Amino acid sequence: MSDTLYQLKQPARYLGGELGSVTKDWTTVDVTFALAFPDVYEVGMSHVGSAILYRLLNDIAWIAAERSYAPWPDREAQLRAEGKHLTSLENDRSLAEFDILGFSLQYELCYSNVLTMLNLAGLPLRSVQRSEDTPLVVVGGPCAFNPEPLADFIDCALIGDAEQAVVELCQAVRTAKHLGEDRSTLLQRLATIEGIYVPRHFTVSYQDDGLVATIDPVAGGRARVRRRVLADLDQAPYPERPVVPFLQTIHDRVAVEVARGCTRGCRFCQAGYIYRPVRERSPQTVRRLVDQALRHSGYDEVSLLSLSTGDYSAIEALMQNLMGCYAGQKVALSLPSLRVGSLTPTLMEEIRKVRKTGFTLAPEAGSERLRRVINKGIDAEALVEAARTAFGLGWRVIKLYFMIGLPTETEQDLQELVELASRVKFAGKGSQGGADVNVSVSTFVPKAHTPFQWQQQISYSDTLKRQEWLRNALKKKRLRLKWHEAELSLLEGVFARGDRRLGAVLERAVALGCRFDGWRDHFRWDLWQQAFAETGLDPDWYLRQRGTDELLPWDHIDAGVSKNYLQRELQNALMEKSTADCRTGQCSACGLCDFEHVRPRLTEREILPDTPADQATFEVPEPTETLALPKVRLTMTKTGRPTSLSHLEFMTLIKRAIKRARLPVRFSAGYHPAPRISFGDALPLGVSSLAELVDLDLTLALAPEEVMTRLNSELPEGVTIRQAESWPRKGPAPADSICSATYRVPLAEDCDAELLATRIDMFLKADSVVVLRHKQKRSIEVDLRPWVVDLKVKGQQLSMKMAHGSPLVLAGHLLQMDVEQVRSLGICKLAVERQQEICQNLEQS
């Protein structure tokens with residue numbers, strides 16, 4: 001691991017070697033695949049689709065799949081300064097060395113990161129400029145349903161479900177390598193795979209007014225590329241051994257996809273159209289996946305994922321079963337996508353049994369009229385009643401999510417939004433602990449392959465006016481408003497319905513420095529405006545209303561739902577007519593299903609057994625008479641990769657390992673139960689240790705040797721239990737039982753030993769040594785002398801015996817070095833010395 005990682009804000013983003021990761025020898029595989037996520041590690045590691053592909057591909061012996069994420073600006077600057085390429089986490093190989101470089105496109109505002117990652121890999125941005133020995137650049141995900149803004153930069157796009165198509169893509173690359181085919185021949189081969197779109201196989205022309213004139217296939221190829229559909233989700237592969245990150249990610253939990261697709265028919269929702277039909281996993285499969293993922297990860301929360309989890313056919317039975325199995329282990333269950341119509345008191349009661357995860361309701365529009373327009377079948381009374389039930393069950397804050405700028409929206413609709421939010425807050429009046437409501441609004445962005453793909457997006461100025469109106473109106477009701485920035489919504493709208501000409505804008509924006517456009521702190525609207533001006537394109541032109549007879553940039557991409565159906569739905573919207581859910585009503589004739597291979601697949605409402613799949617492994621006994629048991633004190637190492645972890649990250653690593661080892665740790669009481677584990681003082685980032693202390697409070701009398709054996713089997717490389725011993729229940733915590741710690745500081749070969757010895761002698765003879773210490777944005781005076789017990793130079797090492805304080809600050813003072821320089825020296829805590837009184841008490845006990 002490079003010492004320069006310590007200089008970064010979050011070095012753990014770039015470590016690799018996480019539990020569950022797979023590293024293969026490239027000499028034993030035929031195809032190498034870099035799964036590149038164009039956002040920061042914490043976001044990419046939370047993406048379930050990438051986790052599915054990582055496990056699926058690595059389960060195939062002849063494929064090596066490795067991960068890479070967009071480096072944060074500090075890491076990008078470091079790579080450029082050092083002249084290094086962006087590499088994969090597993091084998092630290094440059095992305096330019098892979099056979100396939102695949103990007104997951106979840107959000108239009110990640111496009112600048114795609115180009116940045118290509119550039120950091122040393123690859124030409126435009127596909128026509130790349131040589132035969134460069135990776136095949138592939139994109140997939142929801143944004144691939146209109147890949148035209150990226151058409152000049154990619155070789156192909158995977159449209160639709162990837163589980164089967166990605167393997168066929170890899171097989172095509174494998175065959176092409178074996179036959180020695182050139183890139184053009186490979187692309188011809190790929191174009192025969194259903195769901196694979198090759199942009200250079202189509203030519204696009206434009207009219208004088210800027211509209212698309214023609215989209216023509218080259219050399220008699222397919223006129224349209226049909227989306228790939230995975231017929232049976234229940235039989236599809238899913239990771240049972242998730243990669244467990246060292247640091248906290250956006251969604252830091254076990255995530256199991258219970259269903260794919262939604263037929264509610266919300267007319268603004270692209271996912272509801274491009275992921276049809278509904279396909280559900282059986283509750284038995286879901287239970288097995290949850291069992292395995294919890295066992296192999298150590299997470300304490302499970303999230304059941306789908307576009308509308310409350311619509312899952314067996315949701316109540318599954319929830320009751322999972323909570324019955326895992327509530328005793330303090331595992332929380334969350335349903336991130338619940339519709340008001342699918343919420344029942346039974347569901348809500350199950351969710352809150354362990355601890356209350358977030359509670360969000362999404363009416364989308366404030367008025368009944370506008371909800372009919374968007375086909376959001378939510379009754380205001382049902383929403384208020386759901387909020388009343390939530391407050392009654394103990395939730396204190398409810399988040400309401402709305403959109404502004406929906407087709408036909410008026411000021412009256414906004415006024416009703418305010419009134420609805422106020423009613424929801426009033427529903428919690430009198431509930432124990434109080435009640436609060438946060439209102440969040442985003443600007444409606446029309447998306448391709450939806451009934452609203454022809455509708456106008458409101459302008460930047462209109463967005464600001466409506467946001468301000470809502471802010472003032474909600475303030476009068478004592479409600480807080482959060483909103484999505486108008487500039488970000490505008491740019492998202494431009495690329496969501498953009499064409500190939502936007503490639504020039506994107507390329508210029510990246511050259512100007514645009515990165516992480518979805519992050520408000522990094523978004524540079526001024527640079528984007530400059531890029532649009534320099535390329536001669538008007539962003540507002542892309543927000544305009546389209547005619548239903550207009551040729552759209554994505555019309556050669558067949559998402560499965562017919563254009564005629566989308567037009568009918570648009571007319572129904574304008575007439576405020578609802579369309580029934582085909583899950584329970586009659587077929588709406590959207591054009592997707594053939595009712596043989598492609599059709600809705602709903603699971604049965606089956607009753608599951610109440611015990612976990614492996615009771616002997618999962619059961620955590622909680623005897624009532626355990627308060628007299630001694631604790632177990634562990635002495636462990638923290639070396640190698642874990643040295644780059646913060647104290648909080650190290651604590652999380654240990655807690656998850658303890659959970660995987662099935663050690664019966666006692667939990668605290670209250671709404672947020674936590675394992676009773678005590679840690680010593682925080683070790684500075686970059687300092688390793690051979691003597692970290694941790695106390696465990698167990699509910700069963702286990703021999704310390706057994707605890708050490710079980711836990712060592714679950715710890716990553718660099719963290720090892722060296723000693724385990726019984727510790728008195730009322731004995732001092734790790735930080736309070738130590739009188740000194742000894743640190744070893746490696747010295748550079750050119751270190752002036754005599755000068756250092758003189759400085760040490762002066763230091764030890766002094767009554768006080770006051771230095772200025774910089775912490776965050778302020779400086780404070782610190783006396784270092786009370787920190788030190790003894791200082792010695794032994795060969796090329798400085799030994800520091802300290803009562804307390806930071807070894808980095810002390811070493812920096814003695815060596816006349818900056819703290820960040822010292823951090824890279826490789827300081828190690830060798831041993832700790834217990835207080836004499838504690839040692840005597842232990843001997844007596």
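The values are calculated or read from the model by the stated rules, or taken from the named source; none is laboratory data. Bear in mind the structure is a predicted one, so any value in this text is a computation, not a measurement. Reconstructed Cβ throughout: ideal geometry from the backbone, glycine too, with neighbour counts over all protein chains shown. Please note that ligands, DNA and RNA were not included when accessible areas were found on the heavy atoms of the full protein model with its side chains. Shrake-Rupley method; radii C 1.70, N 1.55, O 1.52, S 1.80 Å.
Think of segment 649-708 as having a plus end and a minus end, set by charges on the Cβ of Lys, Arg, Asp and Glu; of 691, 680, 708, 708 sits farthest toward the positive end of this dipole. For residue 426, the solvent-accessible surface computed with a 1.4 Å probe is close to 140 Å², ligands and nucleic acids excluded.
Taking amide H atoms as placed 1.01 Å from N in the peptide plane, the amide H of residue 257 lies under 5 Å from those of 305, each 5 or more residues away in sequence or on another chain.
With 31 Å as the limit on Cα-Cα distance, the pairs of 24/330; 631/801; 24/447; 638/792 that go past it are 24/330; 24/447. Among beta bridges identified by DSSP and lying wholly in the chain, the antiparallel ones come to about 55 percent.
At a Cα cut-off below 15 Å, give the aspartates and glutamates reachable from residue 476, other chains included and same-chain residues fewer than 8 away excluded. Leaving aside aspartates and glutamates fewer than 8 places away in the same chain, those within reach of residue 476 are 416, 419, 436, 468. Ranking 404, 565, 52 by how far each Cα lies toward the positive end of the dipole of the chain (charges on Cβ) leaves 404 at the top.
In this structure the amide hydrogen of residue 558, modeled in the peptide plane, comes within under 5 Å of the amide hydrogens of 225, 226, 227, none closer than 5 places in sequence on its chain.
Around the Cα centre of segment 164-305, unit charges on the Cβ atoms of Lys, Arg, Asp and Glu (plus for the first two, minus for the last two) sum to a dipole of about 300 debye.
Summed over qualifying helices (DSSP H, 4 residues or more, each -39500 (n - 2.57)) and divided by its residue number, the chain shows a 222 nm mean residue ellipticity of -9000 deg cm²/dmol. Over 24 Å between Cα atoms, which of 425/475; 376/425; 429/577; 429/477 qualify? From 425/475; 376/425; 429/577; 429/477, over 24 Å: 429/577. If you sort the three axes of the alpha carbon gyration tensor as a ≥ b ≥ c, you get a/c under 1.5 for segment 736-835, which makes it rounded. The largest accessible area among 579, 463 belongs to the first residue in 579, 463, and the rest follow in falling order (1.4 Å probe, all chains).
Between segment 397-447 and segment 125-199, what is the separation of their alpha carbon centroids in Å? Here the answer is 43 Å between Cα centres. Under the convention that each Lys and Arg Cβ holds +1 and each Asp and Glu Cβ holds -1, the size of the dipole of segment 226-265 around its Cα centre is about 300 debye. Select one label from [x] 31.0, 109; [y] 29.6, 94; [z] 27.0, 85: the one whose number is Rg and Dmax of the Cα atoms in Å as derived from the coordinates shown. Derived directly from the coordinates: [y]. Once all protein chains are placed together, residue 655 keeps about 70 Å² accessible to a 1.4 angstrom probe. Angle between the Cα long axis of helix 753-765 and the longest principal axis of the chain, 0 to 90 degrees, nearest 10? The helix 753-765 is inclined about 70 degrees to the chain. Taking the Cα centre of the chain as reference, the dipole from Cβ charges on Lys and Arg (+1) and Asp and Glu (-1) amounts to some 1840 debye. In summary, the lysines within cross-link reach of residue 775, defined as a Cα separation below 16 angstrom excluding same-chain residues under 8 places away, comprise 9. Considering only alpha-carbon pairs that sit under 8 angstrom and 6 or more positions apart, the relative contact order computed for segment 20-167 is 23 percent. By a 1.4 Å probe calculation restricted to protein chains, residue 323 has an accessible surface near 10 Å², given to the nearest 10. Residue ranking by accessible heavy-atom surface, 1.4 Å probe, largest first, among 541, 528 comes out as 541, 528.
Between helix 411-427 and the chain, what is the angle of the helix's C-alpha long axis to the longest principal axis, kept within 0 to 90° and rounded to the nearest 10? With rounding to tens, the tilt is 40 degrees. Counting only alpha carbon atoms, the long axis of helix 486-496 and the longest principal axis of the chain meet at about 60°.
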